[in-house]
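The values are calculated or read from the model by the stated rules, or taken from the named source; none is laboratory data. For clarity, every value in this text was computed on a predicted model and none was experimentally measured. All Cβ positions, even for glycine, are placed from backbone atoms using ideal geometry, and neighbour counts span all protein chains on display. These area figures cover heavy atoms from the full protein model, side chains too; ligands, DNA and RNA do not enter into them. Shrake-Rupley method; radii C 1.70, N 1.55, O 1.52, S 1.80 Å.
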Amino acid sequence: MNYNINKGIGRSVEFKGLKAQYLFIFAGGLLGTLILVMIMYMAGVNSYICLLLGAGGASLIVWQTFSLNKKYGEHGLMKIGARKRHPRYIICRKPLHRYLKFTSKSNAL
């Protein structure tokens, strides 16, 4: 099979409609689901339960990744993360005279 990865100059990588960081979320989620199913199978969990959880987890990851890609776009998750790291407002609890207090140059030494 031959898959086209469309990459132009200055453009991000796109594969089947997924762009940028969503490719890593998609691949990492599917790899994590595979490893979880393998661990459960080796631990002796019933095969049908392993298959059911693997298929359900993989389909959930595919669905959520494509919905996040559609909702937020290429740089949307980074913008949301940056917005969460900044405060909504700055709290200033000192009295005003504490900000306006000046020391003379002779006392500063």
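Restrict the search to the range 11-89; then list the chymotrypsin sites (Phe, Trp or Tyr not before Pro) that DSSP places in a loop and that have at most 14 other Cβ atoms within 10 Å of their Cβ.
Here the chymotrypsin sites (Phe, Trp or Tyr not before Pro) that fit, given the DSSP loop and packing criteria, are Tyr89.
Cα gyration tensor of the range 1-93, axes a ≥ b ≥ c as square roots of the eigenvalues: rounded (a/c below 1.5), prolate (a/b > b/c) or oblate?
Numbers: a/c = 3.25, a/b = 1.43, b/c = 2.28.
Oblate shape, in that a/c is at least 1.5 and b/c is the bigger or equal ratio.
Dividing the Cα radius of gyration by the Kirkwood radius, what Rg/Rh value follows for the range 30-82?
Details: Rg = 15.0 Å, Rh = 12.6 Å.
Reported Rg/Rh, Kirkwood definition of Rh: 1.19.
For Arg83, Arg11, give me the order by solvent-accessible area with a 1.4 Å probe, most accessible first, ignoring ligands, DNA and RNA. Please list the in-between numbers first.
Details: Arg83 170, Arg11 125 Å².
Solvent-accessible surface, decreasing: Arg83, Arg11.
Kindly sort Met42, Met78, Met1 by accessible area of their heavy atoms, largest first, with the probe set to 1.4 Å. Numbers along the way, then the final one.
Values: Met42 150, Met78 110, Met1 205 Å².
Accessible-area ranking of Met42, Met78, Met1, largest first: Met1, Met42, Met78.
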